[in-house]
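A.B. asks: If you scroll down you'll find the structure; I have some questions about it.
The values are calculated or read from the model by the stated rules, or taken from the named source; none is laboratory data. Please read all numbers here as calculations on a predicted model, not as lab measurements. FYI the Cβ positions are ideal-geometry reconstructions off the backbone, even for glycines, and counts take in every protein chain you see. All accessible areas refer to the heavy atoms of the entire protein, side chains included, with ligands and DNA or RNA removed. Shrake-Rupley method; radii C 1.70, N 1.55, O 1.52, S 1.80 Å.
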Amino acid sequence: MHGKVIVITGCSGALGKVVADAAIARGAKVAGIDRAAVNGGATADRIEFDGVDLTDSEQALRAVDAAAAHFGRLDALVNIAGAFAFETIADGDSKTWQHLYAINVTTALNTSRAAIPHLVASGAGRIVNIGATGALQAGAGMGAYAASKAAVHRLTEALASELKGKVTVNAVLPSTIDTPANRRDMPKADFATWVTAQELANVILFLASDAATGVTGALIPVRGRV
């Protein structure tokens, strides 16, 4: 990853922070983009843009262009920005479906569109999206979330086909990620069966690396060790 420039959306979240730190540890430079407040400022290997609504295509374009201008190039995009909601269809609200589609799909769509010219110019461009194993077969209460993540899977496949030979596009499909928030929400779960953020980061950064040249259009489940 040495010398690579990576844009990471959702950089203030539990997974985004781990991926960003792991990328920098491997020699990459990171531009983080988030709607929430982040640490701000810039160092030689990191810059962060906060207050960015990636559901707005113009804001996504400005942030991605600013990141590329700051480092002089862009080699990879990791679309981590997303949201989850557990809600049954019978008792739920259609606004939940609209919200999850916007946060999980539209953000990835807008940021990918903005990044494509830079990634093509890189000559080794990479896009890595975050899908979900729960979108392969939805259970009760998972309809809205699974539908939005299934759309991320289809977006990944379509982009991979459209950009074949120019930019690789793949998605990782985690099971439950071991984060403080998930532990609070599911205190009786067996945390040992969950995938850690570091395990997921390892797969993401492989797909963003030169070693993954031959991998595109893949939907890769990441379920942890157990």
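A.B. asks: Quick check on the stretch 33-41. Is at least one of its residues charged (D, E, K, R) and within 15 Å of the chain's Cα centre (by Cα)?
C.D. replies: Yes, the stretch 33-41 contains at least one residue that is charged (D, E, K, R) and within 15 Å of the chain's Cα centre (by Cα).
A.B. asks: Inside the stretch 120-138, can you point out the residues that are under 20 Å from VAL203 (Cα atoms) and more than 14 Å from the chain's Cα centre (by Cα)?
C.D. replies: Within the stretch 120-138, ALA124, GLY125, THR133, GLY134, ALA135, LEU136 meet the criteria.
A.B. asks: Further, regarding this structure: Considering only the stretch 25-47, how many residues are assigned to a strand (DSSP E or B), surrounded by 22 or more Cβ atoms within 10 Å (Cβ to Cβ) and not β-branched (Val, Ile, Thr)?
C.D. replies: The number of residues fulfilling the criteria is 3.
A.B. asks: Hey, which of the strands (runs of 3 or more DSSP E) in the stretch 121-226, taking only ones fully inside, have at least 3 residues that are open to solvent by 20 Å² or more (accessible area, probe 1.4 Å)? Quick ask: steps written out before the conclusion?
C.D. replies: Numbers: elements: 125-130, 167-174, 219-222.
Because the criterion is at least 3 residues that are open to solvent by 20 Å² or more (accessible area, probe 1.4 Å), the strands (runs of 3 or more DSSP E) in the stretch 121-226 that meet it are 219-222.
A.B. asks: Please verify whether the stretch 67-75 includes one or more residues that are under 17 Å from ILE6 (Cβ atoms), part of a strand (DSSP E or B) and open to solvent by less than 60 Å² (accessible area, probe 1.4 Å).
C.D. replies: So far as the stretch 67-75 goes, no, none of its residues is under 17 Å from ILE6 (Cβ atoms), part of a strand (DSSP E or B) and open to solvent by less than 60 Å² (accessible area, probe 1.4 Å).
A.B. asks: To continue, here is another question. Can you find, within the stretch 76-112, the residue that is farthest from the chain's Cα centre (by Cα) among those that are of a type in the set (A, V, I, L, M, F, W, C) and in a helix (DSSP H, G or I)?
C.D. replies: Looking at residues that are of a type in the set (A, V, I, L, M, F, W, C) and in a helix (DSSP H, G or I), I get TRP97.
A.B. asks: Determine, yes or no, whether ALA171 is under 23 Å from ALA28 (Cα atoms) and among the aliphatic types (A, V, I, L, M).
C.D. replies: Yes: the conditions hold for ALA171.
A.B. asks: Consider GLY51 carefully, then state whether it is buried (at least 24 other Cβ atoms within 10 Å of the Cβ) and without any contact (Cβ under 8 Å) to a residue 40 or more places away in the chain.
C.D. replies: Against the criterion (buried (at least 24 other Cβ atoms within 10 Å of the Cβ) and without any contact (Cβ under 8 Å) to a residue 40 or more places away in the chain), GLY51 does not qualify.
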